[in-house]
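What follows is a short report on a single structure.
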There are 2 protein chains.
Amino acid sequence: MSLLVVGSVALDTIETPFGKTQEALGGSAVYFSCAASYFTDVSLVAVVGEDFPKQHIDLLEKRGIDTSGLTRSSGNTFRWIGRYGFDLNEAETINTHLNVFEQFKPALMDKHKEKDFIFLANIDPDLQKSVLNQIDRPRFAASDTMNFWIDRKNESLKSLLKDIDILVINEGEARQFARESNIFKAARQILSWGPKSLIVKRGEYGSLTFHNHSIFAAPAYPLETVFDPTGAGDSFAGGLMGFLAKTRNLDTENIKRAVIFGSVMASFAVETFSLERLASLDEGEIYQRYRKLREITDFEDFED
Amino acid sequence: MSLLVVGSVALDTIETPFGKTQEALGGSAVYFSCAASYFTDVSLVAVVGEDFPKQHIDLLEKRGIDTSGLTRSSGNTFRWIGRYGFDLNEAETINTHLNVFEQFKPALMDKHKEKDFIFLANIDPDLQKSVLNQIDRPRFAASDTMNFWIDRKNESLKSLLKDIDILVINEGEARQFARESNIFKAARQILSWGPKSLIVKRGEYGSLTFHNHSIFAAPAYPLETVFDPTGAGDSFAGGLMGFLAKTRNLDTENIKRAVIFGSVMASFAVETFSLERLASLDEGEIYQRYRKLREITDFEDFED
């Protein structure tokens, strides 16, 4: 039972207007599982190289994350080198070394096949599909993707979507995928390809959730200090899926709550490099930001 | 009593990916007063040239707008020629002919000096100040501005802000004015210059309202068809100030309601060129969109 994530573990070298970090712990599965760990048990399936520091695995295990699905392969760990300008909404990739991640073929252990909430982080849609094919029981699956796969594996991606409960993608990617600049029309197009729900991430502008013919517009948490946006999207997904796996309630009202916990977890991820803040929260801080988001969005009917 | 707007009346020639219009009725005071006219009596102070078509004045008067402050000067009416690409958030100005607007010196008639809700649309901040100086009684004033005045009349603008209740500006202009990329820090900086409240317009992403140490994040109304964004900001201000002038209630909850009516009126403005849609609404449509905005933003506490 509970939550499984399949994705990347990386060493990130990042420069922002506010500082620099070298070979810091990163990757989609890392941000996701750390964010989700505040809500539920989470297991991670990913690959690292021989050079991957043990202290990073210790950090994940300290958060209660099951790392038994983290394979160590011969070669080096996936590395990403990136930069952000003052417009923190857009990362510039300086270099990507896929290393062992290039040969990643996720094979689930039996205990992982029993998980019923699955997050397929941004990897080749054929691999995402192969993960779902290893699970032959009812499950609730969400997936992410990126422009690269929208371009190169468009048909695989559309085929995957028929098996997906929630697709979680960036606004620019949604527009590109649907070939439509209006985001509401783009959402309608993407939903016609199969996913039950769609969440469009809009960076500092929050998110739009399309579910059961309803729209939910959620803001990002108001932050005066956004230090490094890396991992925001995966932390969002971790809060979302962590809360859904904990509450096991998929009605519209609960999905909205899950989206708000997604916003909250993303807000902690971007306040520091790597997991510095995200790995050391207490529950009170999380609930406080949830309540703050209610406060800043709530308004009354005009007749009151 | 009630509402006064001082701003521009223009003939707009606009090209968008969806169509073209020539010499259509536009201008900040026009969009503002038309949007506000659904809520309260509104008087317009502006200037046009000898060439200004009488049918446009008839249209405003049909909406109950007091046009006695619309001066006809010798010369031609202000013309704007602009274009939008698929990214409808940004207008490209092809040409501006200020014509009679260049010599605009707003002199209020006695009956207009009695208005107690004032909107100073985007004109030279020295002229905005001169309007306020003609009113020697308590009033509630909101103002707009633009990058041109932030650059050229920075000190005049800052001096004006000390007398302003709500400054309503675009996000990019807020960042430029404060010389700060983080919008929450930028807002704090701008508020330190004097306005009691600040509303940051974010186009399709809605708005942020800073009032009494609180933040209110409002979405834009979800539209599958955005035909021409011209006038969205002034229609937003018209809904906002129209509702405040009608209810005469300046507490935080009522300002939030006013912001939502702003979003609603902006959404009608962008569905067609000029005032085609905005001038022919019925009240039911306005209230329906208000309720829809409540529906798409509302979420429950996590313990319910």
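Per residue, how much accessible area does the stretch B:36-93 show when a 1.4 Å probe rolls over the protein heavy atoms, in square angstrom? Before the final figure, lay out the partial values.
On the way: 2860 Å² over 58 residues.
Heavy-atom accessible area per residue stands at 49 Å².
Amide H to amide H, which residues 5 or more places from A:ARG277 or on other chains are under 5 Å from it, using H placed in the peptide plane?
Residues meeting the criterion, in which the H sits 1.01 Å from N, are A:THR272.
Normalise the Debye intensity by I(0) for the stretch A:34-145, one equal point scatterer per Cα, no solvent, then take log10 at q = 0.11, 0.15, 0.16 Å⁻¹ and round to two decimals.
-0.43, -0.80, -0.90
Given a 1.4 angstrom probe, what's the average accessible area per residue across the stretch A:170-219, in square angstrom?
Numbers: 2010 Å² over 50 residues.
On a per-residue basis, 40 Å².
How big is the stretch B:123-215 by Rg and Dmax over its Cα atoms, in Å?
Reported Rg and Dmax, both Å: 12.7, 38.
Considering protein heavy atoms only and a 1.4 Å probe radius, which residues within the stretch B:188-216 exhibit an accessible-area decrease of no less than 30 Å² in the full assembly relative to the chain by itself?
Checking the loss per residue gives B:ARG202, B:GLU204, B:TYR205, B:ILE215, B:PHE216.
Of the beta bridges DSSP finds with both residues in chain B, what % are antiparallel, to the nearest 5?
Working: 22 of 51 bridges.
So the antiparallel bridges in chain B amount to around 45 percent.
If the label point is 7 Å along Cα→Cβ of B:LYS185, which residues in the stretch A:83-100 have backbone nitrogen under 19 Å from it?
Answer for this model: A:83-91.
Give me the percent relative contact order of the stretch B:19-93, please, defined on Cα pairs under 8 angstrom at least 6 residues apart.
On the way: 88 pairs, mean separation 21.6, N = 75.
With pairs under 8 Å counted, the relative contact order is 29 percent.
Take the eigenvalues of the Cα gyration tensor for chain A, scale each by 5, and report the square roots as semi-axes in whole Å, largest first. Could you put the intermediate results ahead of the total?
Numbers: eigenvalues 143, 104, 80 Å².
The equivalent ellipsoid of chain A has semi-axes of 27, 23, 20 Å.
Any idea of the total accessible area buried by the A-B contact, 1.4 Å probe, rounded to 100 Å²? Could the numbers behind the result be given before it?
Details: alone 14150 and 14130 Å², together 24270 Å².
Protein heavy atoms only, the A-B interface buries about 4000 Å².
Eight or more residues apart or on different chains, and alpha-carbon atoms under 18 Å: count the Lys pairs in the stretch B:138-272 matching that.
Lysine pairs, 8 or more places apart or on different chains, close enough: 9.
Looking at the stretch A:1-86, which chymotrypsin sites (Phe, Trp or Tyr not before Pro) are in a loop (DSSP not H, G, I, E or B) and have at most 12 other Cβ atoms within 10 Å?
Working: sites: A:PHE18, A:TYR31, A:PHE32, A:TYR38, A:PHE39, A:PHE78, A:TRP80, A:TYR84, A:PHE86; in loops: A:PHE18, A:TYR38, A:PHE39, A:PHE78, A:PHE86.
Hits after loop and neighbour filter: A:PHE86.
For a quick check, take a GNM of chain A with Cα springs below 10 Å and name the residue from A:SER207, A:SER74, A:SER197 with the largest mean-square fluctuation.
Looking only at A:SER207, A:SER74, A:SER197, the biggest GNM fluctuation is shown by A:SER74.
Could you name the lysines whose alpha carbon sits less than 16 Å from that of B:LYS54, not counting residues in the same chain fewer than 8 places away?
B:LYS62
What's the local net charge at A:GLU295, with K and R +1, D and E -1, over the other residues with C-beta under 14 Å away? Before the final figure, lay out the partial values.
Values: positive: A:ARG289, A:ARG291, A:LYS292, A:ARG294, B:LYS256; negative: A:ASP298, A:GLU300, B:GLU253, B:ASP298, B:GLU300, B:ASP301.
Residues close to A:GLU295 contribute a combined charge of -1.
Where nothing but the Cβ of Lys and Arg (+1) and of Asp and Glu (-1) is charged, how large is the charge dipole of chain A around its Cα centre, in debye to the nearest 20? Numbers along the way, then the final one.
Numbers: 34 positive and 44 negative charges, 177 e Å.
Here chain A has a charge dipole of around 860 debye.
Among B:ILE123, B:ILE135, B:ILE65, determine the one that fluctuates most according to a GNM of chain B built with springs between C-alpha atoms less than 10 Å apart.
Among B:ILE123, B:ILE135, B:ILE65, the largest mean-square fluctuation in the Gaussian network model of chain B belongs to B:ILE135.
Averaged per residue, what accessible area in Å² does the stretch A:257-304 show with a 1.4 Å probe, protein chains only?
Working: 1800 Å² over 48 residues.
About 37 Å² of surface per residue is accessible.
Rounded to the nearest 5, what is the percent of antiparallel bridges among the DSSP beta bridges in the stretch B:123-243?
Details: 10 of 17 bridges.
Around 60 percent antiparallel, to the nearest 5.
Quick one: give the max-minus-min coordinate of the C-alpha atoms of the stretch B:184-246 along each principal axis, largest first, in Å.
So the extents along the principal axes, rounded to whole Å, are 38, 29, 18.
Can you grab the distance from the C-alpha centre of the stretch B:206-221 to the C-alpha centre of the stretch A:244-304, Å, no decimals?
Rounded to whole Å, the Cα centres lie 18 Å apart.
Springs between alpha-carbon atoms under 10 Å, Gaussian network over chain A: tell me which of A:ALA36, A:ALA142, A:ALA186 tops the mean-square fluctuations.
Sorting by GNM fluctuation, first place goes to A:ALA186.
For the stretch A:157-298, what is the charge dipole size about the Cα centre, in debye to the nearest 20, if Lys and Arg each add +1 at the Cβ and Asp and Glu each add -1 at the Cβ? Write out the running numbers ahead of the final one.
On the way: 18 positive and 18 negative charges, 137 e Å.
Result for the stretch A:157-298 is approximately 660 debye, rounded to the nearest 20.
Can you send over the carbon and sulfur percentage of the accessible area for the protein assembly as shown, probe radius 1.4 Å, protein chains only? Provide the component values of the computation, followed by the final result.
On the way: 11130 of 24270 Å².
Reported share for carbon and sulfur atoms: 46 percent.
Which residues, if any, in the stretch B:274-304 lose at least 30 square angstrom of accessible heavy-atom surface (probe 1.4 Å) when the other protein chains sit next to their chain rather than the chain being alone?
Those residues are B:TYR290, B:ARG291, B:ARG294, B:ILE296, B:THR297, B:ASP298, B:PHE299, B:GLU300, B:ASP301, B:PHE302.
Which of the listed residues, A:PHE101, A:SER73, A:ASN170, is farthest toward the dipole's positive end in the stretch A:62-171, when Lys, Arg count +1 and Asp, Glu count -1 at the beta-carbon?
The one lying farthest along the dipole's positive direction is A:SER73.
In debye, nearest 20: dipole of the stretch A:24-169 around its Cα centre with unit charges on the Cβ of K, R (+) and D, E (-)?
Details: 17 positive and 21 negative charges, 40 e Å.
Value, rounded to 20: 200 debye.
Counting only helical runs of four or more DSSP H residues, what would the 222 nm mean residue ellipticity of chain B come to if each run contributes -39,500 (n - 2.57) and the total is spread over all its residues? All intermediate terms of the calculation are to be shown ahead of the outcome.
Working: 11 runs with 112 residues, N = 304.
Helix-only estimate at 222 nm: -11000 deg cm²/dmol.
What do you get when you divide the Cα radius of gyration of the protein assembly as shown by 2.2 N^0.38 Å, with N the number of residues? Please list the in-between numbers first.
Details: Rg = 26.4 Å, N = 608, 2.2 N^0.38 = 25.1 Å.
Computed over Cα atoms of the protein assembly as shown, the ratio equals 1.05.
The values are calculated or read from the model by the stated rules, or taken from the named source; none is laboratory data. The shown structure was predicted, so the numbers you read here are calculated from the model rather than taken from an experiment. Positions of Cβ are backbone-derived with ideal geometry, glycine not excepted, and every protein chain shown enters the neighbour counts. Calculation scope for accessible area: heavy atoms of the full protein, side chains included, ligands and nucleic acids excluded. Shrake-Rupley method; radii C 1.70, N 1.55, O 1.52, S 1.80 Å.
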